[in-house]
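Enquirer: Below is one structure. I have some questions about it.
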Amino acid sequence: MSGQETEVKIEITAFRAFRRRLRENGFRIKRRRVFERNRILETDPPSLRPGGCLLRLREAGGKYTITYKGVATVTKHKSREEIEYSVSDAETAKTLFERLGYKTRFVYEKYRTEYTDSASEGVITLDETPIGIYAELEGSENWIDSAARMLEIADTQYITASYGALYLKWCERLGVEPGNMTFPSDSKVNALVR
């Protein structure tokens, strides 16, 4: 699959209230909550990141996806080329990319639930991450703005930063040495958000 991805993130501080607003506005679960592990692949020295591009290997619910994201155009929304395809064997894919010089440079984890409305013009995902809970609104710019208004989200709340950038800001704010954005092995995330 290839095309143009347009999205924004929103920080969610009241998880249950936000889920209730989704239901009240006709959004229903499209894909149930699933754990994701995302590996950002890069060469040494970096060849993609300096140009604003990204290569990702995602594992989610026993399925594996390779994604290339092109240079982003950022206004109040973020839009970029996205090429994505499924692979049956993540380790083989990882080995292939390693042979081409791409190694895992950053890992980020999240629990993701996808929601859609009856028109299915866009998708809202709720991402429970080690640094907080975020909603991603993805669709056309008009759909994003319309869905945001329905959910009482002002466009001043839009975030166009990547999870990597948000993680670095989080580390800086807490005075923590950056590493990977992963859950601790004793994580209580399941109990916190259910």
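The values are calculated or read from the model by the stated rules, or taken from the named source; none is laboratory data. Just so it is clear, the model here is predicted, and its values are computed rather than measured. All Cβ positions, glycine included, derive from the backbone under ideal geometry; neighbour counts span all protein chains shown.
Enquirer: When the residues of the stretch 177-189 are filtered to those that are at pLDDT 95 or above and in a loop (DSSP other than H, G, I, E, B), which remaining residue is farthest from Thr125 (Cα to Cα)?
Expert: The selected residue is Glu177.
Enquirer: Name the residues in the stretch 137-161 that are buried (at least 17 other Cβ atoms within 10 Å of the Cβ) and in contact (Cβ under 8 Å) with a residue 12 or more places away in the chain, would you?
Expert: Leu137, Glu138, Gly139, Trp143, Ile144, Ala147, Ala148, Leu151, Ile153, Tyr158
Enquirer: Can you tell me which residues in the stretch 16-73 are among the aliphatic types (A, V, I, L, M) and touching a residue at least 40 places away in the same chain (Cβ under 8 Å)? Steps first, please.
Expert: Residues of the stretch 16-73 among the aliphatic types (A, V, I, L, M): 17, 22, 29, 34, 40-41, 48, 54-55, 57, 60, 66, 71-72.
If the condition is that a residue be among the aliphatic types (A, V, I, L, M) and touching a residue at least 40 places away in the same chain (Cβ under 8 Å), then Leu22, Ile29, Val34, Ile40, Leu41, Leu54, Leu55, Leu57, Ala60, Ala72 are the ones that fit.
Enquirer: Within the stretch 125-171, how many residues turn out to be within 16 Å of Thr13 (Cβ to Cβ), more than 16 Å from the chain's Cα centre (by Cα) and of a type in the set (Asp, Glu)?
Expert: Residues in the stretch 125-171 being within 16 Å of Thr13 (Cβ to Cβ), more than 16 Å from the chain's Cα centre (by Cα) and of a type in the set (Asp, Glu): 1 in total.
Enquirer: Okay, next question. From Glu121, Glu109, which residue is in a strand (DSSP E or B), among the charged types (D, E, K, R) and within 20 Å of Ile10 (Cβ to Cβ)?
Expert: On inspection, the qualifying residue turns out to be Glu109.
Enquirer: With respect to Arg58, is the statement that it is charged (D, E, K, R), outside any loop (DSSP other than H, G, I, E, B) and either more than 13 Å from the chain's Cα centre (by Cα) or surrounded by fewer than 14 Cβ atoms within 10 Å (Cβ to Cβ) (or both) true?
Expert: When the stated conditions are applied, Arg58 does not pass them.
Enquirer: Still on this structure, I have one more. Report, by residue number, each residue of the stretch 150-175 that is at negative phi, of a type outside the set (Gly, Ala, Ser) and in contact with a helix residue (DSSP H, G or I) (Cβ under 9 Å, 6 or more places away or on another chain).
Expert: The answer is Met150, Leu151, Ile153, Asp155, Gln157, Tyr158, Ile159.
Enquirer: Now for a separate question. So for the stretch 158-165 (the condition being among the aliphatic types (A, V, I, L, M) and more than 21 Å from Thr73 (Cα to Cα)), does at least one residue qualify? Give the steps one after another, and end with the answer.
Expert: Looking only at the stretch 158-165, we keep the residues that are among the aliphatic types (A, V, I, L, M), and these are 159, 161, 165.
After this cut, where a residue has to be more than 21 Å from Thr73 (Cα to Cα) as well, the list is none.
Among the residues of the stretch 158-165, not one is among the aliphatic types (A, V, I, L, M) and more than 21 Å from Thr73 (Cα to Cα), which makes the answer no.
Enquirer: Something else: Starting from residues that are among the basic types (Lys, Arg) and within 19 Å of the chain's Cα centre (by Cα), keep the ones in the stretch 1-27 and report whichever is nearest to Lys69 (Cα to Cα). First the steps, then the outcome.
Expert: Residues of the stretch 1-27 that are among the basic types (Lys, Arg), as a first pass: 9, 16, 19-21, 23.
Among the residues that remain, those that are also within 19 Å of the chain's Cα centre (by Cα) are: 9, 19.
Values: Lys9: 16, Arg19: 29 Å.
Filtering first and then ranking leaves Lys9.
Enquirer: State yes or no: is Thr92 among the polar types (S, T, N, Q) and at pLDDT below 95?
Expert: Judged against the criteria, Thr92 is a match.
Enquirer: When you go through (1) surrounded by 14 or more Cβ atoms within 10 Å (Cβ to Cβ); (2) assigned to a helix (DSSP H, G or I); (3) small (Gly, Ala, Ser) one by one for Ser79, which number turns out not to apply?
Expert: (2)
Enquirer: Could you check the stretch 156-176 and list, in sequence order, the residues that are farther than 23 Å from Arg56 by Cα and either out of contact with any Lys or Arg (no Cβ under 6 Å at 6 or more places or on another chain) or modelled with pLDDT under 95 (or both)? Break it down stepwise before answering.
Expert: Initially, the stretch 156-176 is screened for residues farther than 23 Å from Arg56 by Cα, giving 156-158, 172-176.
Passing the criteria: Thr156, Gln157, Glu172, Arg173, Leu174, Gly175, Val176.
Enquirer: Could I ask something else about it? Being aliphatic (A, V, I, L, M) and either at positive phi or touching a Phe, Trp or Tyr at 6+ places or on another chain (Cβ under 7 Å) (or both) is the filter here, so list the residues in the stretch 88-122 that pass it.
Expert: Those that are aliphatic (A, V, I, L, M) and either at positive phi or touching a Phe, Trp or Tyr at 6+ places or on another chain (Cβ under 7 Å) (or both): Ala90, Ala93.
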